[in-house]
Amino acid sequence: MAKRQPSFACQSCGAVYNRWKGKCEACGGWNTIVEETGSSNPMVGPVATRPTRAKGRIFPLEGLSGETKEAPRTPSGIAELDRVTGGGFVHGSVILLGGDPGIGKSTLLMQASAALANKGHRVAYISGEEAVAQVRLRAERLGLGQAPVELAAETNVEDIIATLTQGQPPALAIIDSIQTMWTETVESAPGTVTQVRGSAQALIRFAKTIGTAVILVGHVTKDGQIAGPRVVEHMVDAVVSFEGDTGHHFRILRAVKNRFGPTDEIGVFEMSDIGLREVSNPSELFLAGRDLATPGTAVFAGMEGTRPLLVEIQALVAPSSLGTPRRAVVGWDPSRLSMVLAVLEAHGGLKLGMHDVYLNVAGGLRITEPAADLAAAAALVSSLSGASLPSDTVYFGELGLSGAIRPVAQAQSRLKEAAKLGFSGAVAPAPRIEQANPERLPLAAASIGHITDLVAGIASRSPNRRRA
Ligand code: TYD
Ligand code: MG
């Protein structure tokens, strides 16, 4: 048998070393390596203690073709949540829900538990952070005090599994949070990587064995990663993050990984005094309170998964007093902004080198689509030239380094959503617009092929130019 060696684990990424180091070579974190006792890798724990066998058991190998069944699911009844999970909780699957403290994870899960329990399913809510009375108080505030959810404040994984395996298996078990759980098979303190990994593994085994869907709540560190073990992300079936900034009341549920559904769908909620309210038409919400006449704002017709989403992009371009002008972005990729600025300078003839540039996606939304390039460029040109853009027009298109505006997917859905919300025009790249059957176009779309067309179009609206 192998001699037990001291082991040191990085508390940020889970990398294991056999001696202490100041810096983790795997993730680059300083002072994150801590000595941990017990099995450093729970993966090998049970295997090492198993009696050795001379020969392995022979198992049948199967072909790709064969009988398949759709994974059985239990929908929560909260449409925005079901959209993200792919239609409900798959039996025996494990979801990791991450998010900043106070963003509303416990609130969302209490609402989901109550919805499921009210439909007659057995649901257990295990809180490792709050006392039973506190959880009850929250449920009462949410108007869910009467829902038949089974509640406990527990942190020992073995006790939790023993309790939940009694009687009919629950349809859903919530573990709030995985960082507070501890298992007897590991000797380290709760919250350490080894404990979190060991606890998660035991709970995953439990889910797979009895078919209960388990949701693990995971805390998120300052830089947005699920604290401690990234390894847990590999072990679970789905990783879902709950985002939003505390200054806004919109909350966005986004699947980062999903073995049983799409990863590009988002669920939109609004935090109110009686909990999270579903937002079934997010475009209206993100465009509410729009300032129509100010230069520097453009409406982007985006897509989040299969759902079109209209959102306002705001830009401010102002003369800089600094040697190196500021570039600040909220809700968009900063390197994407640098690229758009470079293209505007090189091919659009704009002089931005002496200007500070700020770009903001309204409502606290985060956009990852390249199709937002054109809307961002329009907002930037509008702010620099002082010409406001037509308030009834949406923009979308990807910008190439040559200044060409490239077509993007799902133009028809974007245009339809814009027409539904009262927009009457669109500026978008050419080919797809024409492909999209002009007779069926829901609104007047001006197709442009190059960034110079955009700059010229906006400059013709400039007040300076009209005066001249
Ligand atoms: P919570 O679900 O406890 O967050 P997490 O579990 O992610 O840490 O949510 C806490 C925040 O939500 C808190 O700041 C208050 C706010 N909140 C409301 O605005 N309305 C409500 O009905 C509830 C229950 C919470
Ligand atoms: Mg909580």
Exercise. Kindly indicate which of D159, D245 is in the same structural domain as E80 (by TED's automatic domain parsing), more than 23 Å from V90 (Cβ to Cβ), open to solvent by 10 Å² or more (accessible area, probe 1.4 Å) and not in a helix (DSSP H, G or I).
Key: D245
Self-check item: Only one of A162, A133, A189, A152 that is among the aliphatic types (A, V, I, L, M), free of Cβ contacts under 8 Å to residues at least 40 places away in the same chain and within 16 Å of ligand 1 (Cβ to nearest atom)
Solution: A133
Quiz prompt | Residue list for segment 326-341, filter: over 15 Å from S383 (Cα atoms), part of a helix (DSSP H, G or I) and touching a residue at least 24 places away in the same chain (Cβ under 8 Å) | solution = R336, M339
Quiz item: Consider E312 against the criteria (1) in a loop (DSSP other than H, G, I, E, B); (2) charged (D, E, K, R); (3) under 30 Å from M271 (Cβ atoms): it satisfies all of them except one. Which criterion is unmet?
Solution: (1)
Quiz item: Quick check: anything in segment 105-114 away from ligand 2 (no atom under 13 Å from the Cβ) and surrounded by fewer than 22 Cβ atoms within 10 Å (Cβ to Cβ)?
Solution: no
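Here is a yes/no grid of residues against (1) over 30 Å from S241 (Cα atoms); (2) surrounded by fewer than 17 Cβ atoms within 10 Å (Cβ to Cβ); (3) among the acidic types (D, E):
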residue	(1), (2), (3)
N360	no, no, no
E369	no, no, yes
A372	no, no, no
L380	yes, no, no
V394	no, no, no
Quiz item: How many residues are open to solvent by less than 10 Å² (accessible area, probe 1.4 Å), in a helix (DSSP H, G or I) and of a type in the set (G, A, S) if we restrict to segment 115-135?
Solution: 1
Quiz prompt | Residue list for segment 259-309, restricted to those being of a type in the set (D, E), surrounded by 14 or more Cβ atoms within 10 Å (Cβ to Cβ) and part of a loop (DSSP other than H, G, I, E, B) | solution = D264, E265
Exercise. Check off (1) within 16 Å of ligand 1 (Cβ to nearest atom); (2) under 18 Å from Q146 (Cβ atoms) for G99 and give me the number that stays unchecked.
Key: (2)
Exercise. Please tell me if Q168 is surrounded by fewer than 13 Cβ atoms within 10 Å (Cβ to Cβ), in contact (Cβ under 8 Å) with a residue 24 or more places away in the chain and farther than 17 Å from L276 by Cβ.
Key: yes
Exercise. For L350, state whether it is out of contact with any Pro (no Cβ under 8 Å at 6 or more places or on another chain) and part of a loop (DSSP other than H, G, I, E, B).
Key: yes
Practice problem: Please state which one of L344, L337, L350 is closer than 18 Å to L401 by Cβ, touching a Lys or Arg at 6+ places or on another chain (Cβ under 7 Å) and open to solvent by less than 70 Å² (accessible area, probe 1.4 Å). | Solution: L337
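The values are calculated or read from the model by the stated rules, or taken from the named source; none is laboratory data. Worth saying up front: this structure is predicted, and the values here are computed from it rather than measured. Here Cβ is always computed from backbone atoms with ideal geometry, including for glycine, and neighbour counts include all displayed protein chains. The area values use the complete protein model at the heavy-atom level, side chains included, leaving out ligands, DNA and RNA. Shrake-Rupley method; radii C 1.70, N 1.55, O 1.52, S 1.80 Å.
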